[in-house]
Each structure stands twice: as C-alpha cells, then as structure tokens.
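Taking it in order: structure first as structure tokens, then the write-up.
FYI, it's all coordinate maths here, none of it is from the lab. Worth saying up front: this structure is predicted, and the values here are computed from it rather than measured. Here the Cβ is made from the backbone with ideal geometry for all residues, glycine too, and neighbour counts use every protein chain on show.
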Amino acid sequence: MPARLGHLRLDVADLDRQSDFYVRALGLAVRERASDDTSDYVFLTDAQPTPGAPDGMHHRLVLRRARDGSSPGPTGRFDHLAWEVDDEAELWTTVQRLRALGVETDLQDARIAWQCYFEDPEGTRVEVYCDRRRRSDGAALWQGHQSPLDEGRLREAAGA
C-alpha cells in the first residue's frame, strides 16, 4: 500500500500570486518552476527537508496555470492527489492490484518519478509514484519532461 501522501496539484489563474501566498502563509519553498507544451508550473516543498527523503521532497504542492487561460478541469481547481511508494516493486504491485480490480492505468515516466495515474470510482484522479531522482536514469528536477512508461521497464526494475 502507498506509504504516504505525496502531493496535491491545484489549477490556478495567477501562478505568481498563488505561489507567493503559499511561501508567505505556510513557509513553503519554491523547489522548481517548469513548463510543458500547455502549462506553467510551480513546485513547492517544505522549507526543511523531510527526513529520509533524498534531498528532501521535490514537492508537496504543485500549482499549474494553463497558458491558454482555460478554466480548471472537470474536477475543478483540484487536479489530483498523489501517493508515494518506496520503490518500483511497490509501484508494480499497486499497478497489478488496480488492474485486478478492473481499473485502467496510465504509466508515465517523469524522470524524477515513475507514475501510475488512475481514477477512483467517482472520477477523482489519483497518482501513485516512486521517486527516481537518485537513479542513474533519473533527474533532479522535472523540467517539463514526461513520457509514457514502458510496462516492461517497470516490471524489470521491480524484479518481477
């Protein structure tokens, strides 16, 4: 089972204003600013590194602003919640468990993490991921890179 809540993502209209608010109000620190083809992001984390996490958590809160000014998605401003697992083996076990329940999974490689996205029975978007920043093929920062994760790579890394 996932060990801990990893992060929440909120869709926002004013990225700078929102990130400044969370820095000032909660003492969070900006870990990374990044962009992909459609959106800009700010990743915020605890000002103090989390014990046992490699170089502290990359992020606890993600703020996303769509460049086209579109309104938040079908779940409103809340985009998804993410659960962190310890390693690839636990991620693979979770994927197998979801599929046994008939849940459709979407495997992604974000370089800082390998991720499995799915929806709960009421349509809430959920992510389960393992941190890969310290792996030889990992990356310290996300930098807008994400691609489908080959299931065979996950299975091999999990030792399955």
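Rounded to the nearest 10 degrees, the inclination of helix 15-26 to the longest alpha-carbon principal axis of the chain is 90 degrees. For the range 78-157, the gyration tensor built on C-alpha atoms gives an oblate shape. Its axis ratio a/c (a ≥ b ≥ c) is at least 1.5, and a/b is not larger than b/c.
Principal-axis analysis of the Cα atoms of the chain puts helix 88-100 at an angle of about 80° to the longest axis.
Per-residue ellipticity at 222 nm, computed for the chain from helices alone with -39500 (n - 2.57) per DSSP H run of at least four residues, works out to -6000 deg cm²/dmol. Counting only DSSP beta bridges with both residues in the range 78-157, the antiparallel share comes to about 70 percent. Counting alpha carbon pairs within less than 8 Å and at least 6 residues apart, what relative contact order, in whole percent, applies to the range 78-157? So the answer I get is 34 percent. Neighbours of residue 117 by Cβ distance under 10 Å: Lys/Arg scored +1, Asp/Glu scored -1, total -3. Computed from backbone phi with θ = phi - 60° and the Karplus coefficients 6.51, -1.76 and 1.60, the 3J(HN,Hα) list for the range 57-69 is 5, 4, 7, 10, 9, 10, 10, 10, 10, 6, 5, 7, x Hz; x is used for glycine and proline.
Within the listed set 61, 101, 91, the residue fluctuating most in the Gaussian network model of the chain (springs between alpha-carbon atoms under 10 angstrom) is 101.
Taking amide hydrogens as placed 1.01 Å from N in the peptide plane, the amide H of residue 80 sits under 5 Å from those of 9, each at least 5 positions away in sequence or on another chain. Annotation: amide H-H contacts under 5 Å for residue 112 (H modelled 1.01 Å from N, sequence separation of 5 or more, or interchain): 139. Loop exposure criterion: GluC sites (Glu not before Pro), DSSP state outside H, G, I, E and B, at most 16 other Cβ atoms within 10 Å. Applied to the chain, the longest stretch between such sites is 1-103.
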